[in-house]
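Structure first, commentary second.
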Amino acid sequence: MLDILVTNVKLPGQSSLANIGVFKGKFNFIGDETKPAKTSINGFGCLAMPALVECHAHLDKNFSGTGIADQTDATALERAIAAMQHVKANRSAHQIKSNARLGIEQAITKGVGFLRSHLDFGSAEDMSVIETMLEIREEYASNIHIQYCLLGSLDTAEKRLLAAEAIDMGIDLMGGAPSLSENPELSIRQVMDFAEQQQCGIDLHIDETQDPSSNCLGYLADQVLERQFSLPVMAGHCCSLAFKPAHDRARIIDRVAEAKIDVVTLPACNLVLIGDGVNPSPRGTPPIKEMMAAGINVCAGSDNVQDPFHPWGNYDPFGTAHIAAATGQLYSTEFEHQTTDLITKNAAKAFRLPDYGLMPGMDASFCLIESSTPEQAIADQPFRSWVIHKGQLVLKQNIQQEWLYAETAATSATNF
């Protein structure tokens, strides 16, 4: 007997309705067959999608306040960093836990089954927050898979010892923001040395600036190739690439593709932070189409959510893909159908998820969406009616819509 049978669902790229069988956490079948099940769900024509992947978040910051001080001598990013330092100095342990849980639960309601969060690192206080975030990850382990990445520098022996301790505690990856350091190239080398010692992946905030001279992405690619670095590497933001001359941009993109670096664009947040004070304001996002055309594995993430870095953020990957498609101008047939990949299979590849996708034998992590196609879901960002994680029912949501104006008014309006 199946654990779960889902009937009457649409599948991406298919016109006829299908059924989904789930047994022991895996897809048993996807097609027109049916079997007895402990739990049966009628999909009523909803679109079935593999669990959405949020590959760049900040659970230790989200929902922490949105004020950025006005300073003419600082960039928006610098002002946001200063505002966040004020938040960190005044928040309670209860607020950290409450805000992190709120972020995780919002993500789950949006169909997110896999989430990577960066966590600030570098002090004893940060280590206390990291301990808390690891505890919270355990609380939600049956509902969502969470990866954690350290966000800080390794410029002292003490910090390197703390980072090693955090990895031992259960942190998954090492990160940082090299372009904010005094010596970006040294910062990149230190992270890579540490990752090789600890055998952990890397996920860096890279070139989050409109300065075309910022070249951390190019240097990172060179280092990966020179070292024959085989561990996973992700580069987030990569904004300065869009401001470089075409020949420099093409050269770096080719090197990134050769190095097999995953790239995550964070369009919503960078539309806020990049180009502050410039008129007309630039898009502030990397050249997504050029990267995708070169064969780079490109993903899209929310980044910050309702904190000093992005007051209007949320954890809906369809909303993120919507903004990425608009800023990246992914309107041609070649790229339109790849937009959903930014928050599904591309991001899953960056996560190194071996059993991801709507196929028999894969992990049964998926959601049912009130939409007809993935492209329509990106346009509408519709309701997610069911969320299932590794064969376990996680969430059911109901929505009722009732038109209240008179039939004659409706007829009149339609005729008009």
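The values are calculated or read from the model by the stated rules, or taken from the named source; none is laboratory data. As the structure is a prediction and not an experimental result, all values here were calculated from the model. Cβ sites come from the backbone with ideal geometry, for glycine too, and all protein chains shown count toward neighbours. Note: accessible area is taken over every heavy atom of the protein model, side chains too, but ligands, DNA and RNA are not part of it. Shrake-Rupley method; radii C 1.70, N 1.55, O 1.52, S 1.80 Å.
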With respect to the cross-link table entries Lys159/Lys244; Lys97/Lys345; Lys35/Lys349; Lys38/Lys345; Lys289/Lys349; Lys26/Lys61, which display a Cα-Cα separation exceeding 23 Å?
Lys159/Lys244; Lys97/Lys345; Lys35/Lys349; Lys38/Lys345; Lys26/Lys61
Rounded if a/c under 1.5, otherwise prolate or oblate - the stretch 268-416, Cα gyration tensor axes
oblate
By average C-beta atoms within 10 angstrom, highest first, the peptides 349-357, 215-223, 175-183
215-223, 175-183, 349-357
Determine the dipole magnitude for the chain: charges of +1 sit on the beta-carbon of Lys and Arg, -1 on that of Asp and Glu, nothing else is charged, the reference point is the Cα centre, and the result goes in debye to the nearest 20.
980 debye
Accessible area in square angstrom per residue, the stretch 204-258, 1.4 angstrom probe:
39 Å²
At 0.36 nm per residue, and after removing the present C-alpha to C-alpha distance, how many nm does the segment from Asp355 to Asp73 gain when stretched out fully?
96.6 nm
May I ask for the angle, rounded to the nearest 10°, between helix 93-109 and the longest principal axis of the chain, with both axes built from Cα atoms and the value confined to 0 to 90°?
40 degrees
Rg in Å to one decimal, and Dmax rounded to a whole Å, for the stretch 1-100 via C-alpha atoms
23.2, 67
Heavy-atom accessible area per residue - the stretch 1-55, 1.4 Å, Å²
45 Å²
In the stretch 97-191, taking the dipole from +1 charges on Lys and Arg beta carbons and -1 charges on Asp and Glu beta carbons about the Cα centre, the listed residue (His145, Leu161, Ile108) farthest towards the positive end is Ile108
Relative contact order of the stretch 1-137: what whole-number percent is it, with Cα pairs under 8 angstrom and at least 6 residues apart?
24 percent
Full extension between Asn90 and Arg251 adds, at 0.36 nm per residue less the Cα distance, a length in nm of 53.4 nm
Which of (1) 23.6; (2) 26.3; (3) 20.1 gives mean projected area of the Cα convex hull in nm² as computed here? It is (1)
Cα gyration tensor of the stretch 213-331 - equivalent ellipsoid semi-axes, whole Å, descending:
24, 16, 14
Computing the accessible area with a 1.4 Å probe over protein heavy atoms, can you report the carbon and sulfur percentage for the chain?
49 percent
